[in-house]
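The structure appears below as structure tokens.
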Amino acid sequence: MRPLVMAALAAFVAAPAHADTLIDNVSGQTIGADGHVERFKAMLMDDAGVVKALIHEGEKTPKKGFQYRIDGMGRIMLPGMIDAHVHVMSTGFAALTLDLSETGSLAEALAKIAAYAKAHPDRPWLIGRGWNQERWKLGRFPTAAELDSAVSDRPVWLERADGHAGWANTAALKAGGVTAASQAPTGGEIIRLADGSPAGVLVDNASVLVGAHVPPPTARDYDAAFALAQREFYRRGLTAVADMGSTMEDWQTFRRAGDLNTLYVRIMAYGAGIENTIQIGGPGPSPWLYADRLRLNGVKLYMDGALGSRGAWLKAPYADRPDTRGLPRLTQTQLGNLMSRAAMDNYQIAVHAIGDEANAVLLGSMEDLAQTYKGDRRWRIEHAQVIDPADWPIAARVAKSVGLVASMQPVHQTSDRLMTEARLGPNRLAGAYAWASAKATGAVLAFGSDTPVELPDPWAGFAAAISRQDENGQPPQGWQPQERVDRETALAGYTAQAAYAGFAEKRFGRLAPGLRADFIFVDTDPMTAAPDAIRKTRVLETWVGGGKVWDAAKPDGGAAGAEPVKK
Ligand SMILES: [Zn+2]
């Protein structure tokens with residue numbers, strides 16, 4: 001009888017739900033196990049921040065067996081959003097440096113610079129970007145003396161909005177050794193005063209004279225930037241992201257946050273090229289760390305550039321510059337070698353491909369390699385922006401053999417629309433930003449933003465995904481409207497499918513028993529609201545692993561991290 005007694009005792013020990021939490025009175029929606037929207041009215045989670053049960057309409061909400069109860073007050077509850085393509089540290093550094101892009105006059109900019117200096121007394125250099133003397137209606141470049149009037153005690157270095165010039169104060173000119181005797185390097189210009197001394201602005205290649213002396217960010221800078229990046233994410237309802245191109249410094253920053261219990265947002269990392277990937281992961285992908293908050297999944301590679309700069313590699317010349325069809329960044333052999341090296345060690349492969357030739361070559365390489373590297377690989381195309389419709393059958397074969405992820409950014413379609421029409425002309429638009437066609441191949445459609453290129457805003461993306469219209473409702477019928485997706489596909493693209501795209505579907509991405517309790521409360525129902533209303537969605541609360549990291553009702557979101565991360 002002894003084993004039975006032991007079994008009974010074990011059951012007794014396991015049974016008391018000593019600190020379960022019931023969240024009831026919610027209008028809950030998640031992607032269910034069958035891939036369709038599942039509605040619920042309450043959710044039970046345990047002390048470790050794992051979902052125990054969803055309670056559906058018609059089922060009885062438990063009255064006891066839990067320690068805490070949270071009244072959802074009838075609000076809309078969704079799984080935490082996932083952004084399948086971000087640059088975490090660039091997002092953080094963009095938020096950390098001074099942004100002058102909204103300033104309307106030199107005086108306004110100088111006031112902002114002075115205030116920023118006062119707020120950051122410990123920074124040895126002050127770095128910023130975004131100024132534009134045209135916008136200020138200045139009729140000339142600003143000067144070092146003007147910048148000195150705001151900050152003179154340490155170097156200030158501010159990049160122009162277009163990145164083609166920098167504005168230095170006297171301390172920064174001094175640090176760069178720029179004097180009346182300095183010569184500008186080829187392709188650059190030192191703007192000078194009447195007496196020949198440097199006026200303060202260095203154009204194009206001359207900007208290295210000061211730029212090269214800006215101290216590289218310290219570990220503390222990385223930590224500060226990372227904290228800001230996380231805030232950018234969870235205040236918009238993102239509880240997980242895929243970091244596309246992590247360096248060793250980035251990874252160490254994530255690890256420091258994990259060790260200090262200040263890693264809130266889940267990160268699926270892809271190393272920047274093979275070197276970073278192997279440096280970080282060694283013999284293969286890392287384990288899931290910090291209660292499923294961090295994993296090195298694989299490698300990020302680049303097949304080509306972007307349409308805007310005509311660096312995307314096309315099958316035929318650019319419509320607005322017939323002498324070029326862009327450039328590959330790798331030969332097909334190099335691509336195959338790098339992919340083999342990653343696949344051999346079971347790293348997941350994520351390749352940036354924008355132009356139709358880049359996508360064709362990549363798909364061809366994937367199909368070849370699938371002969372050797374079999375199994376569930378989930379090879380990712382990042383952006384997959386322009387695909388020749390003739391190549392969809394190759395995508396379907398890759399999807400069927402090793403698994404294919406189309407990691408696409410709905411907001412790129414609305415932001416790029418007019419530029420894309422100019423670059424491609426009228427006859428190559430059918431395969432551009434073709435979300436519905438990509439899905440139809442059997443590829444997994446994962447959505448993201450590419451922040452800091454776009455804001456990490458899943459609601460703008462959701463609205464674009466279902467409408468193919470921008471924030472002004474343009475064009476009225478939607479652009480290439482046959483490529484829009486339904487609301488369920490959009491929700492899955494920002495939750496369950498984005499998790500699947502990073503081998504995380506058994507951990508998070510949906511609300512279901514055994515998965516992490518990552519969820520949000522929002523003020524707008526994305527399943528019924530008009531696209532314009534979805535775009536304006538307000539995230540009321542964000543919870544990761546059963547802990548609240550953002551509360552819009554509190555000043556600054558309630559100082560995320562007040563509640564300890566649950567292990
Ligand atoms: Zn990117």
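The phi torsions of region 389-404, fed into the Karplus equation with coefficients 6.51, -1.76 and 1.60 and a -60° offset, translate into couplings of x, 5, 9, 4, x, 5, 4, 5, 5, 5, 4, 6, 7, 10, x, 10 Hz, rounded to whole numbers, with Gly and Pro shown as x.
Each residue of region 168-177 was assigned a 3J(HN,Hα) from its phi angle through the Karplus curve 6.51 cos²θ - 1.76 cosθ + 1.60 (θ = phi - 60°); the sequence is 10, 8, 4, 4, 6, 4, 5, 4, x, x Hz, with glycine and proline shown as x. Summarising the strand pairing of region 187-303, around 30 percent of its internal DSSP beta bridges are antiparallel.
Under 15 Å of direct C-alpha separation, and excluding same-chain neighbours fewer than eight residues apart, K174 reaches these aspartates and glutamates: D148, D153. Among the trypsin sites (Lys or Arg not before Pro) found in region 452-509, not one is both in a DSSP coil and sparsely packed, with 10 or fewer other Cβ atoms within 10 Å of its Cβ. Taken one residue at a time, the phi angles of region 265-270 give Karplus couplings (6.51, -1.76, 1.60, θ = phi - 60°) of 7, 7, 10, 9, 9, 10 Hz. Gly and Pro are set to x.
Per the Debye calculation on region 20-82 with a single equal scatterer at every Cα and no solvent contribution, log₁₀ I(q)/I(0) for q = 0.13, 0.18, 0.29 Å⁻¹ amounts to -0.32, -0.63, -1.40.
The angle separating the long axis of helix 410-424 from the principal Cα axis of greatest extent in the chain is about 50 degrees. Each of M77, M419 was scored by other Cβ atoms within 10 Å of its Cβ. Arranged with the fewest first, they read M419, M77. Between Q477 and Q279, the modelled label-to-label distance comes to 5.2 nm, taking each label 7 Å out from Cα in the direction of the beta carbon.
Per-residue packing, averaged as other Cβ atoms within 10 Å, sorts the ranges 112-121, 433-442, 297-306, 512-521 into the order 297-306, 512-521, 433-442, 112-121, beginning with the highest. Selection among G92, Y500, W125 by position relative to the dipole of the chain gives Y500 as farthest towards the positive end (Cβ unit charges, Cα centre). Cβ-to-Cβ counts within 10 Å put D204, D391 in ascending order as D204, D391, the fewest first. For the cross-link pairs K60/K506; K374/K400; K41/K63; K374/K439, the ones whose C-alpha atoms lie over 18 Å apart are K60/K506; K374/K439.
Region 329-407 gives an Rg/Rh value of 0.92, both radii derived from C-alpha positions and Rh following Kirkwood. Note on L511, L369: ascending count of other Cβ atoms within 10 Å places them as L369, L511, the fewest first. So what is Rg over Rh here for region 398-469, counting just Cα atoms and using Kirkwood for Rh? Across region 398-469, the Cα-based Rg/Rh ratio is 0.99. Taking Lys and Arg as +1 and Asp and Glu as -1, the other residues whose beta-carbon sits under 11 Å from that of L202 total -1. Here r is the Cβ-Cβ distance between A422 and T331 and R0 is 41 Å; the resulting FRET efficiency, rounded to 0.05, is 0.90. Output the 0 to 90 degree angle, nearest 10, between the alpha-carbon long axis of helix 2-14 and the longest principal axis computed from the alpha carbons of the chain. Tilt relative to the chain: about 40 degrees.
Think of the chain as having a plus end and a minus end, set by charges on the Cβ of Lys, Arg, Asp and Glu; of L110, L147, T524, T524 sits farthest toward the positive end of this dipole. How far is the Cα center of region 53-117 from the Cα center of region 371-411, in Å? Their Cα centres are 31 Å away from one another. Normalised by residue count, the chain yields a Cα convex hull volume of 183 Å³ per residue. Would you compute, from DSSP H runs of 4+ residues alone, the mean residue ellipticity of the chain at 222 nm, taking -39500 (n - 2.57) per run and dividing by the full residue count, rounded to the nearest 500? Counting only the DSSP helices, I get -9000 deg cm²/dmol.
Computed from the coordinates by the stated procedures, all read-outs in this text should not be read as laboratory data. Remember, predicted model here, so these are calculated numbers, not experimental data. Virtual Cβ from ideal backbone geometry, glycine too; neighbours counted across all protein chains shown.
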